[in-house]
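Written below as structure tokens is the structure these notes are about.
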Amino acid sequence: MKKILKYVIADIIQNKIVIIYTLLLLTISFSVFSLESSAAKGMASLLNLVLLIVPLICIIFSTIYIYNSAEFIELLVSQPLKRKTLWLSLFGGLASSLSIAFLIGVGVPVLIYHADLTGLVLVLSGLFLTIVFVSIALWAAGMTRDKAKGIGWAIALWLFFALIFDAIVLFLLFQFQDYPLENAMVVMSFLNPIDLSRIQILLQMDISALMGYTGAVFQEFFGSLNGIVISFAGLILWIFIPLFFSLRRFAKKDL
Amino acid sequence: MIELKNISKKFGKLTVLNSVSTRFEEGECIALLGPNGCGKTTMIKTILGMVVPDSGSIIFEGREVNKDWRYREDIGYMPQIGRYPENMTISHLIQMMKDIRKDESVIPDEELIRSFGLNEIIHKKMRTLSGGTTQKVSAALAFMFHPKVLILDEPTAGLDPIASLKLKEKIIKEKEKGKLILITSHILSELDDLVTKIVYMNDGRFLFEKPIEDLKEETGEEKLSRAIARIMQSRLTQFTQPQIQLA
Amino acid sequence: MKILIVYITLLLSGLFYAGIVSAKNIYVGKQRAYKTIKAGLQAAVRGDTVFVDKGIYQESGLEIDKSIYVKGNGYPVIDGQKKGTVITIHADGAVLDGFKIINSGNSEQTDYAGVLIVDSYNVIVKNNQLVDNQFSIYSQHSRNCRILDNVIHSNAQDEVLSGNGIHCWRSDSLLIIGNNISGQRDGIYFEFVTNSLVWRNISHNNLRYGIHFMFSHHDTYISNVFEKNGSGVAVMFTHHVQMYNNFFLDNWGGAAYGILLKEITDSYISGNHFSHNTTAIEMEGCNRTKFFKNSFIDNGYAMRVSASSMDNEVYENNFIKNTFDVATNGTLVLNKFYRNYWDKYDGYDLNRDGIGDIPYRPVSLYSTIVESNPSALMLFRSIIVSLLDKTEKLIPGITPENLKDDQPCIKPIKL
């Protein structure tokens, strides 16, 4: 496992996109903090970066990487290696290199400008989203052998989690306006890793009371220590479930 | 040594392997022949675990392979078209392969690396290599870890005559050590002095499976290519498809 | 003007008394003739001054029933031992000055106080420290009283068993100045209190409201600080309120307001500073009130205007860094917004007169959605929401058509 991981990471780092990604995150983070009037406002802008850009880049990069590694995978599958080891090495290589990119690109600026619990939760959520979307990408890449289609799927999945899911939630909210929906909304938020992270970060920001203002259930659930633990457990599930399915598919894949 | 039991595989609607059963033993050198798309490569990939069969089982030295991936340590595989990570250099690739085989006590067999002159271009990236050079790398890797079984898919395709000859010599050397060698090739003439057994595949089935002596005896031909041609002709007339001709 | 007259009257009346009474001094202390405060108070007659030495006096149920000046030296402690009200003042013109009054009784049936002023006129309670009393200073049926520079603190745990810091009921022309109140249920509580002035008090960390009043007309509140109270400030059923230059800070919480204005009419809210409140101003049935020159900074909602509020005017305020500037639950809005500065305004000013050329709509689509469907807060800061808001800005359809500022200021208003 370690050996293959080493080669995957070396390969990803040689691929300059991860370095460009790191620099992009660094540039955005620093400019956000130095341009916005307050660090708190900078954090609010970083929220969008973490919730949109990070998942998008992670899912697309990982999908393309998997398609481009077809030779590598083919070569190694004929070697005395467990397929599981190979696939987990690919996952581990992608997840760790993109996580390092995120930690440098966003973690360092946050540490400099906003080193508190909010900052920690923001970085932690971003880290989880990075790994979740690598996992989803691995799953998406298994759906089709056609690279273009695979990338299409990846973008569609990102669009779903970033936008369409929330549109559906909004639609449901209006459809079932007359019913108490708070508990249902808590459950809904677990169905989307981006929403889960967003709510976690928002509750750490000053906005918590605002959420409590109208949705006491939110505040009670997500604000409590149990809620935080359960939320991150939810994010961990979001890592392992797609990974599990992609692993199962890869175990049977013909190369 | 390797036993296939009722292996079947479909790609979509197309049946690529149709309930194939056979045994290959140590010391044999088997030529796997047949027209394009007859399932040769798929069968090899099945043995290597790259293609997962729909049904049937593969037994390697008495153990079923889908339970245990370690049997691949004993197989050297040279693919028809070697595809390698583009950014890796030859030396990286070799290093990685050594890393994968955990057993460091085994001294790798680097004879082909030297005789192919790969050690002079060892820091070139795979992307920059010609098709023939890539094949040389594939060959070198296949022989590197003293495998008990060698599976060579069109080994000489794309190699220049000198390299081809060097490879052939190497194959003979290994064969004499009592290894099982499985070769697919279209160029029957080169197999003459190697092969002990012929397996002919068509449409995912074994059409026939015969030791070379029997074959030559039956057909009365000394050259393998002629023997095959003879046997094919007799069969084809049976199947009334005389328009197909073999080289 | 009215305040000034009250004040001058008070001053004159004080001089008047001093002039006609020939007074003596009475001393209370361990080494004095009077060992207990009770004895000292009983011995005093109208116009006397009772001096109390430093020390701890375990006495309760004290009564000041004549016009005397009771003065503590070095904050003598009067410990009520949790037995009923500590000091009751029932006299015109009495003064209580410089005591530390602790541990009044605590009961669900009776309101016990540190200092209770009953049916009195012109009483002054000043420079006292009140600690751990149910109600600290309680005024009922009193007029022209002054409550000055007291420090009030309690450890209220629940709303039922605790009392208010300065509690006034059916009183008139009170001056409540310079007190620091914390840890009570409500910092200051007025019910049927009229023509009074609340000035320079700090009311913070109280269990419920910093100030809470109802049916208290013609009162004025100037330069007070209301900070970190459980539910902020709530004022109700009152007309002619004037609030100038107060600070409403850090009232965060599920049901906390900078200030809740319920049935407040014909009032002036000006020069106040609202920051870090969940809702800076919540208006329910608030009519004919003018809001001007206030600052709203960093609040969740700057103003929530219920549909039952009308004919209010909101002008020359600064709205900066609020999550939602204005929210409303109705579609028809009968309030005027003009010449405010909105930091979210992205219009232009071609003629450079400092007034934006296109109107600003302070109600976002999303805030309207949240008003009608609170669970939609789950989508806060998601892209779908920003997309909806942007679309609504271009093609208004759902937000109230006439809720807009036609003359938005380009630069923050200097206050």
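The values are calculated or read from the model by the stated rules, or taken from the named source; none is laboratory data. If you're wondering where the values come from, they're calculated on a predicted model, not measured in any experiment. When we count neighbours, we look across all protein chains shown, and the Cβ atoms used for this are built from the backbone with ideal geometry, even at glycine. Surface areas here come from the heavy atoms of the whole protein model, side chains and all, with no ligands, DNA or RNA. Shrake-Rupley method; radii C 1.70, N 1.55, O 1.52, S 1.80 Å.
C:PRO362 - would you say it is assigned to a loop (DSSP other than H, G, I, E, B), touching a residue at least 40 places away in the same chain (Cβ under 8 Å) and either closer than 21 Å to C:ILE297 by Cβ or among the aliphatic types (A, V, I, L, M) (or both)? Show your work before the answer.
On the way: assigned to a loop (DSSP other than H, G, I, E, B): yes; touching a residue at least 40 places away in the same chain (Cβ under 8 Å): yes; either closer than 21 Å to C:ILE297 by Cβ or among the aliphatic types (A, V, I, L, M) (or both): yes.
When the stated conditions are applied, C:PRO362 passes them.
Please state which of the following conditions C:GLN157 fails to meet, knowing it meets all the rest: (1) in a strand (DSSP E or B); (2) open to solvent by 10 Å² or more (accessible area, probe 1.4 Å).
(1)
Within segment B:52-80, track down each residue that is under 13 Å from B:GLU3 (Cβ atoms) and modelled with pLDDT of 85 or more.
Within segment B:52-80, the first condition is being under 13 Å from B:GLU3 (Cβ atoms), and the residues that meet it are B:56-65, B:71.
Scanning segment B:52-80 gives B:GLY56, B:SER57, B:ILE58, B:ILE59, B:PHE60, B:GLU61, B:TYR71.
Of a type in the set (Lys, Arg) and free of Cβ contacts under 8 Å to residues at least 40 places away in the same chain, is that true of B:LYS148?
Taking the combined requirement at face value, the residue does not satisfy it.
Residues are listed down the side, and each one gets a yes or a no for (1) among the small types (Gly, Ala, Ser); (2) within 16 Å of the chain's Cα centre (by Cα):
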| site | (1), (2) |
| --- | --- |
| B:PRO147 | no, yes |
| B:ALA157 | yes, yes |
| B:LYS168 | no, yes |
| B:SER185 | yes, yes |
| B:ILE198 | no, yes |
| B:GLY204 | yes, no |
| B:GLU218 | no, no |
| B:ALA229 | yes, no |
| B:MET232 | no, no |
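A quick yes/no check of all residues on (1) basic (Lys, Arg); (2) open to solvent by less than 40 Å² (accessible area, probe 1.4 Å); (3) farther than 20 Å from C:LYS414 by Cα:
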{"residue": "C:GLY271", "(1), (2), (3)": "no, yes, no"}
{"residue": "C:ASN277", "(1), (2), (3)": "no, yes, yes"}
{"residue": "C:THR331", "(1), (2), (3)": "no, no, yes"}
{"residue": "C:PHE337", "(1), (2), (3)": "no, yes, no"}
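Would you point out which residue out of A:ALA40, A:ALA101, A:ALA95, A:ALA44 is surrounded by fewer than 16 Cβ atoms within 10 Å (Cβ to Cβ), more than 26 Å from B:THR42 (Cα to Cα) and touching a residue at least 40 places away in the same chain (Cβ under 8 Å)?
A:ALA40
From the list C:PHE192, C:PHE237, C:PHE215, C:PHE226, pick out the single residue that is closer than 25 Å to C:ASN287 by Cα and buried (at least 24 other Cβ atoms within 10 Å of the Cβ).
Checking each option against the conditions leaves just C:PHE226.
Could you check, for segment A:122-138, whether at least one of its residues is of a type in the set (Ser, Thr, Tyr), surrounded by fewer than 22 Cβ atoms within 10 Å (Cβ to Cβ) and within 14 Å of another protein chain (Cβ to nearest Cβ)?
So in segment A:122-138, the residues of a type in the set (Ser, Thr, Tyr) come out as A:125, A:130, A:135.
With surrounded by fewer than 22 Cβ atoms within 10 Å (Cβ to Cβ) added as a condition, the list becomes none.
No, that holds for no residue.
Restricting attention to segment B:12-21, and to residues there that are touching a residue at least 12 places away in the same chain (Cβ under 8 Å) and open to solvent by 10 Å² or more (accessible area, probe 1.4 Å), which single residue is farthest from B:ASP203 (Cα to Cα)? Let's see the steps before the verdict.
First pass over segment B:12-21, keeping only residues touching a residue at least 12 places away in the same chain (Cβ under 8 Å): B:15-21.
Applying the additional criterion that residues be open to solvent by 10 Å² or more (accessible area, probe 1.4 Å) yields B:15-16, B:18-19, B:21.
Details: B:THR15: 8, B:VAL16: 7, B:ASN18: 8, B:SER19: 11, B:SER21: 14 Å.
For segment B:12-21, the residue satisfying everything is B:SER21.
Hey, C:SER372 hits all of (1) modelled with pLDDT of 90 or more; (2) surrounded by fewer than 16 Cβ atoms within 10 Å (Cβ to Cβ) but one; which does it fall short on?
Unmet condition: (1).
Regarding C:THR391, is this residue of a type in the set (S, T, N, Q), open to solvent by 10 Å² or more (accessible area, probe 1.4 Å) and away from chain A (no Cβ under 12 Å)?
yes
If I filter segment A:63-94 down to residues being of a type in the set (D, E, K, R) and within 15 Å of B:MET88 (Cβ to Cβ), which single residue comes out as farthest from the other protein chains (Cβ to nearest Cβ)?
Only one residue fits best here, namely A:GLU74.
Please enumerate the residues belonging to segment C:375-384 that are surrounded by fewer than 21 Cβ atoms within 10 Å (Cβ to Cβ) and assigned to a helix (DSSP H, G or I).
Answer for segment C:375-384, where residues must be surrounded by fewer than 21 Cβ atoms within 10 Å (Cβ to Cβ) and assigned to a helix (DSSP H, G or I): C:ILE383, C:ILE384.
Regarding A:GLU36, is this residue of a type in the set (Asp, Glu) and in contact with a helix residue (DSSP H, G or I) (Cβ under 6 Å, 6 or more places away or on another chain)?
yes
Based on this model, can you work out whether A:VAL169 counts as free of Cβ contacts under 8 Å to residues at least 40 places away in the same chain and either surrounded by fewer than 22 Cβ atoms within 10 Å (Cβ to Cβ) or more than 8 Å from chain C (Cβ to nearest Cβ) (or both)?
Spelling it out, it is not the case that A:VAL169 is free of Cβ contacts under 8 Å to residues at least 40 places away in the same chain and either surrounded by fewer than 22 Cβ atoms within 10 Å (Cβ to Cβ) or more than 8 Å from chain C (Cβ to nearest Cβ) (or both).
Tell me which residues, restricted to segment C:241-254, are at pLDDT 95 or above and open to solvent by 50 Å² or more (accessible area, probe 1.4 Å).
Selection gives C:GLN242, C:TYR244, C:ASN245, C:PHE247.
Please count how many residues of segment C:282-308 are among the β-branched types (Val, Ile, Thr) and either within 14 Å of chain A (Cβ to nearest Cβ) or surrounded by fewer than 19 Cβ atoms within 10 Å (Cβ to Cβ) (or both).
Of all residues in segment C:282-308, those among the β-branched types (Val, Ile, Thr) come to C:289, C:297, C:305.
Cutting the leftovers down to either within 14 Å of chain A (Cβ to nearest Cβ) or surrounded by fewer than 19 Cβ atoms within 10 Å (Cβ to Cβ) (or both) gives us C:297.
Selection size over segment C:282-308: 1.
Please go through segment B:65-100 and pick out each residue that is open to solvent by less than 30 Å² (accessible area, probe 1.4 Å), closer than 26 Å to A:ILE66 by Cβ and touching a Pro at 6+ places or on another chain (Cβ under 7 Å).
Of everything in segment B:65-100, those that are open to solvent by less than 30 Å² (accessible area, probe 1.4 Å), closer than 26 Å to A:ILE66 by Cβ and touching a Pro at 6+ places or on another chain (Cβ under 7 Å) turn out to be B:ARG72, B:ILE75, B:MET78, B:ILE100.
Give just the number: which of (1) more than 12 Å from chain A (Cβ to nearest Cβ); (2) in contact with a Leu (Cβ under 9 Å, 6 or more places away or on another chain) does C:ILE384 not satisfy?
(1)
Using the structure shown, decide if C:LYS38 is modelled with pLDDT of 80 or more, in contact with an Asp or Glu (Cβ under 8 Å, 6 or more places away or on another chain), within 27 Å of C:GLY74 (Cβ to Cβ) and assigned to a helix (DSSP H, G or I). Even if it seems obvious, please write down each step before you answer.
On the way: modelled with pLDDT of 80 or more: yes; in contact with an Asp or Glu (Cβ under 8 Å, 6 or more places away or on another chain): yes; within 27 Å of C:GLY74 (Cβ to Cβ): yes; assigned to a helix (DSSP H, G or I): yes.
Spelling it out, C:LYS38 is indeed modelled with pLDDT of 80 or more, in contact with an Asp or Glu (Cβ under 8 Å, 6 or more places away or on another chain), within 27 Å of C:GLY74 (Cβ to Cβ) and assigned to a helix (DSSP H, G or I).
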